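A quick write-up on the structure given underneath.
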């Protein structure tokens, strides 16, 4: 009886434990994600029109997430386009927010 209960607990724990590994990534995937994030950030910085100083780039399993503040909808389109050009990126998720406050001139 004790052995049966222990075996059942072991099986349930083993199966349930495996479910937590589905979102994990190995060192190879982590390194690839880091490389793609850096390349996507570099692509945004190379954009001659915008440079995107307020946009952060994250990557998880080939999916890039762009977050931060932009000033125009054209910046959103350009950032998504620029990030999409990086080899290996499977998709781009847009979490950028449009700045609704007009820029203020510096006080002199």
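The numbers here are math on the coordinates, done by the rules we state, and not lab data. Please read all numbers here as calculations on a predicted model, not as lab measurements. Please note: Cβ atoms are built from the backbone with ideal geometry, for glycine as well, and neighbour counts cover all protein chains shown.
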Label point distance in nm, residue 81-residue 45, each placed 7 Å from Cα along Cα→Cβ: 2.2
Kindly rank 84-91, 54-61 from highest to lowest mean number of other beta carbons found within 10 Å of each residue. 54-61, 84-91
What percent do you get for the relative contact order of region 25-98 when only Cα pairs under 8 Å and 6+ apart count? 33
Can you tell me the alpha carbon radius of gyration of region 25-98 divided by the globular rule-of-thumb value 2.2 N^0.38 Å? 1.03
Mind checking the full-extension length gain between residue 72 and residue 101? Use 0.36 nm per residue of separation minus the Cα-Cα distance, one decimal, nm. 9.3 nm
